[in-house]
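Some notes on the structure that comes next.
The values are calculated or read from the model by the stated rules, or taken from the named source; none is laboratory data. If you're wondering where the values come from, they're calculated on a predicted model, not measured in any experiment. Cβ coordinates were reconstructed from backbone atoms using ideal geometry, including for glycine residues, and neighbour counts include every protein chain displayed.
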Amino acid sequence: MDSGADTDVLRTLADRQAIVDCLHRYARGVDRGDEDLLRSAYHTDAIEDHGAYVGGVDGLVEFLGKAHRAFDAYQRYVTNTHIDLDGDDAHVESYYICVLRDDDAGRTLVNGGRYVDRFERRAGEWRIARRVVVMEWEYSVEGGAPRYPVTLPARRDRDDVSYRRPLDVDRDPRAPVL
């Protein structure tokens, strides 16, 4: 390869990774209730069709916050991602699985589908400009609370352990609890 081809390959890899990182910011932002992180996945004029909500980023952040308050814990997994780069635009399709635990109801809701996105690179940064959420399946199962209640609880704010810098273990040593 010549240096020009190497540069093109590196640019493509960097663009793809920036898009995947943005998708992960979205997931973490929703799961941790971190509105700033969630907003950082979108351009300010982005529009999303989330099924029950269609509109801009401010309304989306409010909608997702309210929709998730009913649950005790939730996680979303962004899996297979297809990225079609076209200059400063990218068309991206990502599969997702979302797990939402409702302790009061004694159930866990699981759904899956696809995020179909148009990303745009503006001022050197890739973010979502348009998104359509396609939910393909959903089911509910009984239970879902952690088997071992001695683990550190997840938080839906910046007090979650994942925000600690530097990370340290600050709980007292203990023998296994089974």
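What is the number of the single condition among (1) on the phi > 0 side of the Ramachandran plot; (2) surrounded by 13 or more Cβ atoms within 10 Å (Cβ to Cβ) that Gly87 does not meet?
(2)
Within the group Arg130, Arg114, which residue is in a strand (DSSP E or B), closer than 20 Å to Tyr42 by Cβ, without any contact (Cβ under 8 Å) to a residue 24 or more places away in the chain and not hydrophobic (A, V, I, L, M, F, W, C)?
Numbers: Arg130 fails: without any contact (Cβ under 8 Å) to a residue 24 or more places away in the chain.
Checking each option against the conditions leaves just Arg114.
What is the one condition in (1) surrounded by 14 or more Cβ atoms within 10 Å (Cβ to Cβ); (2) touching a Ser or Thr at 6+ places or on another chain (Cβ under 6 Å); (3) outside any loop (DSSP other than H, G, I, E, B) that Gly144 does not satisfy?
Result: Gly144 passes all but (3).
Tell me yes or no: at least one residue of the range 60-75 is within 23 Å of Val20 (Cβ to Cβ), part of a strand (DSSP E or B) and within 13 Å of the chain's Cα centre (by Cα).
yes
Which residue, of Leu100, Leu60, Leu64, is surrounded by 18 or more Cβ atoms within 10 Å (Cβ to Cβ), more than 30 Å from Val9 (Cα to Cα), out of contact with any strand residue (DSSP E or B) (no Cβ under 8 Å at 6 or more places or on another chain) and at pLDDT 95 or above?
The conditions single out Leu64.
Among the numbered criteria (1) more than 14 Å from Val78 (Cα to Cα); (2) at pLDDT 95 or above, which single criterion is violated by Asp6?
Among (1) more than 14 Å from Val78 (Cα to Cα); (2) at pLDDT 95 or above, the lone unmet condition for Asp6 is (2).
Take the residues in the range 26-39 that are surrounded by fewer than 20 Cβ atoms within 10 Å (Cβ to Cβ) and in a helix (DSSP H, G or I); name whichever of them is nearest to the chain's Cα centre (by Cα). It would help to see each step written out before you state the result.
Restricting attention to the range 26-39, the residues satisfying the condition of being surrounded by fewer than 20 Cβ atoms within 10 Å (Cβ to Cβ) are 28, 32-37, 39.
Now drop any that are not in a helix (DSSP H, G or I), which leaves 28, 32, 35-37, 39.
Details: Arg28: 5, Arg32: 9, Glu35: 12, Asp36: 13, Leu37: 10, Arg39: 11 Å.
Top of the filtered list is Arg28.
If you go through the range 126-145, how many residues are touching a Lys or Arg at 6+ places or on another chain (Cβ under 9 Å) and either modelled with pLDDT under 85 or of a type in the set (Asp, Glu) (or both)? If you could, list the steps in order and put the result at the bottom.
Within the range 126-145, the first condition is being touching a Lys or Arg at 6+ places or on another chain (Cβ under 9 Å), and the residues that meet it are 127-136, 140-145.
Now drop any that are not either modelled with pLDDT under 85 or of a type in the set (Asp, Glu) (or both), which leaves 136, 142, 144-145.
Selection size over the range 126-145: 4.
Of everything in the range 121-156, what is touching an Asp or Glu at 6+ places or on another chain (Cβ under 6 Å) and closer than 20 Å to Arg16 by Cα? Give them in sequence order.
Matches in the range 121-156: Arg121, Ile128, Ala129, Arg131, Val132.
Could you tell me which residue of the range 103-137 is surrounded by the most Cβ atoms within 10 Å (Cβ to Cβ), considering only residues that are under 24 Å from Asp15 (Cα atoms) and of a type in the set (Asp, Glu)?
Residue satisfying both the conditions and the ranking: Asp117.
For the range 101-119, what are the residues that are out of contact with any Lys or Arg (no Cβ under 9 Å at 6 or more places or on another chain) and closer than 14 Å to Val141 by Cα? Give the steps one after another, and end with the answer.
Within the range 101-119, the first condition is being out of contact with any Lys or Arg (no Cβ under 9 Å at 6 or more places or on another chain), and the residues that meet it are 102-106, 110-114.
If the condition is that a residue be out of contact with any Lys or Arg (no Cβ under 9 Å at 6 or more places or on another chain) and closer than 14 Å to Val141 by Cα, then Asp102, Asp103, Asp104, Ala105, Gly106, Val110, Asn111 are the ones that fit.
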